[in-house]
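Take a look at the structure below.
The values are calculated or read from the model by the stated rules, or taken from the named source; none is laboratory data. Since we're looking at a predicted model, the values are computed, not measured. Here the Cβ positions follow ideal geometry from the backbone for every residue, glycine too, while neighbour counts run over all protein chains shown.
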Amino acid sequence: MDNFIFSNHDTVELAKKYGTPLYVLSEDIIEENAETMKTAFEKCNIDYEINYAGKAFLTIAMCKIVENAGLSLDVVSGGELYTAIKAGFPMEKVCFHGSNKSIAEIEMAFDNKVGKIVADSEYELEILDRIAAKKNHKPKVMVRVSPGIEAHTHEYVQTGRIDSKFGVPLKLVDKVLSDSKKFIYLNIIGLHCHIGSQIYDEKPFLLAAETMLKLMKKIEGYGFEMKELNLGGGFGIPYLKDDSVFDVDTYVQRLVYFTKNKCDEIGLKFPKLLVEPGRFIVGTAGITLYEVGIVKEIPHTRKYISVDGGMADNPRPALYDALYHAVVANKMVFSDDEEELVTISGRCCETDTLITDVLLPKCEPGDILAVLNTGAYNYSMASNYNRLPKPAVVLLKDDKDQIIVERETYEDIILKDRLPDWYK
Ligand SMILES: Cc1ncc(COP(=O)(O)O)c(C=O)c1O
C-alpha cells in the first residue's frame, strides 16, 4: 500500500470520506500515551495523579477518553469547565486553573463542585476565601508558584528575576502564605508550578521539585499542611524525525527518588505527586490532512506547495515558529531522487508558512499532505481567520472512524453576526 497509514487507517481514504482540511485523532494512541505515564508512576508505588491539560485539546468526546483512561482533568476557563460538565466528567477529578479567572468562573467551579482549584495570586486567594465563605462546597486549593526556573526544549534557565504573569513569585510566597488563619475558608493543601513546554530533560523538573519541596517545608511552618505537589506539564514530544522523546519512565523514577531523599533531608512528609501533561497525551495522537492546491516554483529560490488550510487550523508556526514534519499521504513509496525541498504554505492572507524546507516527493494539485503530530494546540487554538470554517475532527479507534467535531459551515461562520437596526 502506497498510502500513509495512521493508527491502522488509510489517511487518503479518510480524506476522501470526510474532506480536507481534516484533523484526525487516534484514541488508541491517546490511550497508549496515558498508559505510558500511568505505568511510570504505578511502578514507583506512590500516591500520584495525572491531570490531562485540556488546553491542548478538549471536546466532549475527549473528556470521555480522558475519563476512560483514568486521568483527571485540568481546565482553565468556564468554556473548558462547561465542556467537562456537558460530558458528565466527574467533577471531583477536575482541577480549575487560570491566571485571571473571573468571579463568574470561580462561582461556576464552586457550584459544580470541582475537586480542586489552583490559585494563581494572592488576590485570587482572597476572592476564593470570600466565595468559599458563602458556599457549602470546599474544593482543595493549591497555590501556583513561579519558581524562577524556565525550561523550553533543550535549555533551561534559572532566573533570579521572576518575570512571569503566572503564579505567586517565589519571593512573595512567604508574605502570601505567612499565616494559615488568613484564608480560614480555604482548604489549602499544596503547591503547583509549571516551568515550560517541550522539555526533553528531567533536570529542570528536579530543580523545580527541590525549590518547591523546600518551600512546602517552610509553609508548613506557617500552619498549612502541605500534602500535594503539582509539577505541571511540559513533557516534550518529537515533532521532527530527529527530535528526542521525553523519557517519562526515567523522569518519574528520578523524581520519586529525588523527592524521597529531599523530604527525608528536610523533614517533610512525602507528598502526593501530580503532573499536568497536555501535549504528551494528545500531541502524537493527531495529524492534519490537507489537499495540495497551487504548486509554485520560483526559479533558484523556492518551491511553494499551497494547502487548503493553514494558520487558521494550526497557528503554532506563525505564533512561535513551531516546526512540523509532513508526508505526502498518497505517495509513501518513492526513491530519493524523486524528493525535493519545498515549503508548505497555508491559504491565509499572511505569509502563513506551515513548514519551511521539508523534503517531500514531487507534489501535484490534488495530493493529500499529512502534517504529523498536530494533536495538541491545533484544534484548540484554531480560529476563523479569513472566515474559514474550522475543519472537522475525526476520531479513530481500532478499525472505527467517527466524527467528534463537525466541520463548520458558512452558516456557522455568520451564526453570531447581527445587523444593527439602521441597516435593516
Ligand atoms: C499550567 C499549565 N499546566 C500544564 C500545561 C500543559 O503543558 P504541555 O501541553 O506542554 O504538557 C500548560 C501549558 O501551557 C500550563 O500552562
May I ask you to say which residue of Arg254, Arg279 is under 21 Å from Gly70 (Cα atoms), at pLDDT 95 or above and among the basic types (Lys, Arg)?
Arg279
Scanning region 1-55 residue by residue, the ones that are of a type in the set (Gly, Ala, Ser), farther than 19 Å from Lys397 by Cβ and under 21 Å from the mean Cα position of the chain (by Cα) total 3
Those residues of region 21-71 which are more than 22 Å from Thr250 (Cα to Cα) and among the polar types (S, T, N, Q), in sequence order
Ser26, Thr59, Asn68
Filtering region 248-274 down to residues that are surrounded by 17 or more Cβ atoms within 10 Å (Cβ to Cβ) and in a loop (DSSP other than H, G, I, E, B), which residue is farthest from the ligand (Cβ to nearest atom)?
Leu268
Could you check, for region 362-383, whether at least one of its residues is crowded, with 21+ Cβ neighbours inside 10 Å, within 16 Å of the ligand (Cβ to nearest atom) and under 30 Å from Met212 (Cα atoms)?
yes
Quick one: in region 43-67, which of the residues that are aromatic (Phe, Trp, Tyr) and within 13 Å of the ligand (Cβ to nearest atom) is surrounded by the most Cβ atoms within 10 Å (Cβ to Cβ)?
Tyr52
Would you be able to tell me the number of residues in region 162-192 that are outside any helix (DSSP H, G or I), over 22 Å from Tyr48 (Cα atoms), β-branched (Val, Ile, Thr) and more than 16 Å from the ligand (Cβ to nearest atom)?
1
With respect to the numbered conditions (1) part of a loop (DSSP other than H, G, I, E, B); (2) more than 16 Å from the ligand (Cβ to nearest atom); (3) at pLDDT 95 or above, which one is the sole condition not fulfilled by Val114?
(2)
Of the conditions (1) within 29 Å of Val327 (Cα to Cα); (2) in contact with a Gly (Cβ under 8 Å, 6 or more places away or on another chain), Asn3 clears all except one; give me its number.
(2)
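Okay, residues lined up against (1) in contact (Cβ under 8 Å) with a residue 60 or more places away in the chain; (2) not assigned by TED's automatic domain parsing to the domain that holds Leu396:
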| position | (1), (2) |
| --- | --- |
| Gly236 | yes, yes |
| Val248 | yes, yes |
| Arg254 | no, yes |
| Ile266 | no, yes |
| Lys272 | yes, yes |
| Glu276 | yes, yes |
| Tyr290 | yes, no |
| Tyr320 | no, no |
If we keep only residues of region 336-361 that are touching a Pro at 6+ places or on another chain (Cβ under 9 Å) and polar (S, T, N, Q), then the residue surrounded by the most Cβ atoms within 10 Å (Cβ to Cβ) is Thr353
Considering region 68-99, residues that are part of a loop (DSSP other than H, G, I, E, B) and either of a type in the set (Gly, Ala, Ser) or modelled with pLDDT under 95 (or both), and then whichever is farthest from the ligand (Cβ to nearest atom), we arrive at Gly88
When you check Lys17 against the structure, is it outside any strand (DSSP E or B), in the same structural domain as Phe246 (by TED's automatic domain parsing) and among the basic types (Lys, Arg), yes or no?
no
